[in-house]
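Contents: one structure, followed by commentary.
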Amino acid sequence: MTWETELIRFFGYHPLKSMSTSETMVYKARTKGSLAVAKIACSPEYAEDLQEERDRLAENQDLEWMPRLIRYQDYLGSTPEEDRILELFHKEGWTMSNPVILLKEFTLGVSLSKFPGAKLNGRQYLNVRHQVDEMHSRNYAGLDIVPCNILVQGPTLATLFDLGPSLSAKSFSERKYDDLVSLENLFQE
């Protein structure tokens, strides 16, 4: 067992599959009857990204397509088990005092990046465009609209599922424009 799988288990989930990226440790996990995505940040930079994603998820839970936020925790060390996980974390050389974990509902689908050409058809595009428009209307932009952040659930359905920030010094209107251009580039005409 690794410290990150122990951390996921500590929160009542069984890690199933690592879906890690270079920035964040990502696991598919399950508990009684439900699936989740566990994202773990080990550096301050990526901890900020998870905090931003937590905020975006928490503030938009009323949207039907938005994954449910299950838990976010950025502090460990009040129980012997948490102390043991922290000790394993620090033995690996991480300098941050605590790992940050975000658990969110697992959204079924296949990453658009797995499809040849990584393009959305007309109906899928309209689904994602509606989601992007909803986020823009709530003053969120810089949504990192790339194939690996869109799940295809069928020939007529696709969902924007990763709402971590796309960090930029650009203005809101520039980031909004970038979102729309990024989405247009994923549309198969």
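Can you tell me which of ASN139, ASN60, ASN127 moves the most in a GNM of the chain? Springs connect C-alpha atoms under 10 Å apart.
Answer for the Gaussian network model of the chain: ASN139.
How would you classify the stretch 10-80 from its alpha-carbon gyration tensor, with a ≥ b ≥ c the square roots of the eigenvalues: rounded for a/c under 1.5, else prolate if a/b is greater than b/c, otherwise oblate? Don't jump to the answer; show the numbers that get you there.
Numbers: a/c = 1.34, a/b = 1.07, b/c = 1.25.
Since a/c stays below 1.5, the shape of the stretch 10-80 is classed as rounded.
Under the rule a/c < 1.5 gives rounded, and otherwise a/b versus b/c splits prolate from oblate, where does the chain land using the Cα gyration tensor?
Values: a/c = 2.18, a/b = 1.72, b/c = 1.27.
Verdict is prolate for the chain.
Sorted from fewest to most neighbouring beta carbons within 10 Å, what does the list VAL132, VAL100 look like? Don't jump to the answer; show the numbers that get you there.
Values: VAL132 20, VAL100 24.
Listing VAL132, VAL100 from fewest to most nearby Cβ atoms yields VAL132, VAL100.
Of LYS176, LYS91, LYS170, how do they rank once you tally other Cβ atoms within 10 Å and put the fewest first?
On the way: LYS176 20, LYS91 9, LYS170 14.
Listed from fewest to most nearby Cβ atoms, that is LYS91, LYS170, LYS176.
Measure out, as a whole number of angstrom, how far apart the alpha-carbon centroids of the stretch 111-149 and the stretch 53-70 sit.
16 Å
If you line up the long axis of helix 44-58 against the longest principal axis of the chain, both from Cα atoms, how many degrees apart are they, to the nearest 10?
Compared with the principal axis, the helix lies near 60 degrees.
What do you get for the angle between helix 80-91 and the principal long axis of the chain? Use alpha-carbon atoms, 0 to 90 degrees, nearest ten.
The angle comes out near 70 degrees.
Hey, got the dipole for the stretch 36-189? About the Cα centre, +1 on K and R Cβ, -1 on D and E Cβ, debye to the nearest 20? Could you put the intermediate results ahead of the total?
Details: 16 positive and 25 negative charges, 98 e Å.
Using Cβ point charges on Lys, Arg, Asp and Glu, the stretch 36-189 gives about 480 debye.
Would you calculate a helix-derived [θ] at 222 nm for the chain, using -39,500 (n - 2.57) for each DSSP H run of n ≥ 4 and dividing by the full residue count, to the nearest 500?
Numbers: 5 runs with 64 residues, N = 189.
Dividing the helical sum by the residues of the chain leaves -10500 deg cm²/dmol.
Return the single residue from LEU102, LEU76, LEU120 with maximal mean-square fluctuation; model: Gaussian network over the chain, springs between Cα atoms under 10 Å.
Top of the fluctuation ranking is LEU76.
Would you work out the charge dipole size for the stretch 3-105 about its Cα centre, treating the Cβ of every Lys and Arg as +1 and the Cβ of every Asp and Glu as -1, and quote it to the nearest 20 debye? Working shown, then result.
Details: 13 positive and 19 negative charges, 125 e Å.
Value, rounded to 20: 600 debye.
Cross-chain or 8 or more residues apart, Cα under 24 Å: how many lysine pairs in the stretch 31-189 fit that? Count them up, please.
6
Taking only Cα atoms, what is the 0 to 90° angle, nearest 10, from helix 122-137's long axis to the longest principal axis of the chain?
70 degrees
Tell me, THR107, THR156 in order of fewest to most beta-carbon neighbours within 10 Å?
Numbers: THR107 17, THR156 12.
Going from sparsest to densest Cβ surroundings: THR156, THR107.
Among TYR125, LEU183, ASN149, whose Cα projects farthest towards the positive end of the dipole of the stretch 110-184, with charges put on the beta-carbon of Lys, Arg (+1) and Asp, Glu (-1)?
Highest projection toward the positive end goes to TYR125.
Roughly how many debye, to the nearest 20, is the charge dipole of the stretch 96-142 about its Cα centre, given +1 on each Lys and Arg Cβ, -1 on each Asp and Glu Cβ, and no other charges?
Values: 6 positive and 3 negative charges, 36 e Å.
About 180 debye.
All of the numbers you see were taken from the coordinates with simple rules; none came from a lab. Just so it is clear, the structure is predicted and the values come from calculations on it, not from any experiment. Here Cβ is always computed from backbone atoms with ideal geometry, including for glycine, and neighbour counts include all displayed protein chains.
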